[in-house]
Amino acid sequence: MNRVLLKTITYGLMHLTVAVAVAFALTRDWRVALAVGVVEPVVQTFAFAIHERLWSRAGVGPVAPICGHTHGASASSGGARSQANHAPGLPDLYASPPALR
């Protein structure tokens, strides 16, 4: 079984478990909790599909980094990234971690 399929199945089981647990905590009725736990993920799946279509139609693309410039190796600098363009006080989240001594 590939990783994506396994991850999808385990996420679905987790979602079902959480939905049943929350519904039971609120109602103290296992029948209602199981009904909610089964129905809610199905409804949520359709809601997500609709949400994705709306975002696609809106034409919203990838979000730009907060610092306002692109990250990654620069061809003009021989692979080194310039830190000069970072907004003051913001860390470079793409920087390599320091070497361990």
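Nothing in this text is a laboratory measurement; each read-out follows from the coordinates by a stated rule. Nothing here was measured: the structure is a model prediction, and the numbers come from that model.
Structural remarks
- When only Cα pairs below 8 angstrom with a gap of at least 6 residues are kept, the range 3-58 shows a relative contact order of 28 percent.
- Every Cα-Cα pair of the range 3-58 was included, and the share exceeding 19 Å stands at 42 percent.
- Here the extension length gained between residue 16 and residue 32 equals 4.4 nm, from 0.36 nm per residue of separation less the Cα-Cα distance.
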